[in-house]
Structure formats: structure tokens, C-alpha cells
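Chemist: Here it is: the structure, laid out below.
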Amino acid sequence: MHISLTPELEGIVKSKVETGLYNNASEVVREALRFMEINQDLVHQMKLDRLRSHLSVGAAEIAQGQGVVLETASQVTDFFEGLKKND
């Protein structure tokens, strides 16, 4: 299998090998994949926590009458397009 890395990621891999902790790039990638696998549940939980936090804020705003009423598909589209522009 061959993979392509961005220049930034390639630099990270090279610097890890240069530390002497890894013999080659494959070892770095294997270690990173093992780390990702081990921490996948933690990352998933962090994402869920963040989503719940945002939903809680949104629910509180709606309860305070700060919600936005969108009645048509066009209004929904325009609303989300506006959000994209603000990112």
C-alpha cells in the first residue's frame, strides 16, 4: 500500500524518525494508527460531548425566544449558506 502525505505530515514523520525512536516511516505510521485505534472511543466521546454542549446552548437560546423560524426550503438554504460564509 502506498499513501500520500501533505508536506507538513511528511515533515512530522521525518522528524520522528530523526529522533531515533523509530527506524523508518512505516514504524511511525504503524504507531500512529495503533494510537488512533486505542483512542478512537475517547475521540468519539469528546465529539459527542461537544455536540451535546452545542445542542444545550441552542436549546437554551430557543427557550429564551432567540431561535430563528425557517418556514421554507429556500429560507433553510439561505440560512445555511450564511453560516458557511461566516466560517
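Since every read-out is calculated from the coordinates, none of them should be taken as a lab result. None of the values given here were measured: they were computed from a predicted structure. Backbone-built Cβ (ideal geometry, glycine too); neighbour counts: all protein chains shown.
Chemist: Based only on other Cβ atoms within 10 Å, what is the fewest-to-most ordering of SER4, SER15?
Modeler: Exposure proxy ranking, most exposed first: SER4, SER15.
Chemist: Enter the Cα centre distance for the pair the stretch 13-27 and the stretch 46-67, rounded to the nearest angstrom.
Modeler: 43
Chemist: Continuing with this model, one more query. What are the ³J(HN,Hα) values, in whole Hz, obtained from phi via the Karplus relation 6.51 cos²θ - 1.76 cosθ + 1.60 with θ = phi - 60°, for each residue of the stretch 50-63 in sequence order, with x given for Gly and Pro?
Modeler: 5, 4, 4, 4, 5, 5, 5, 4, x, 5, 5, 5, 5, 4
Chemist: Quick check on the exposure proxy: order VAL28, VAL57 from fewest to most C-beta atoms within 10 angstrom. Intermediate values should be presented prior to the final figure.
Modeler: Working: VAL28 19, VAL57 10.
If I rank by nearby Cβ atoms, fewest first, I get VAL57, VAL28.
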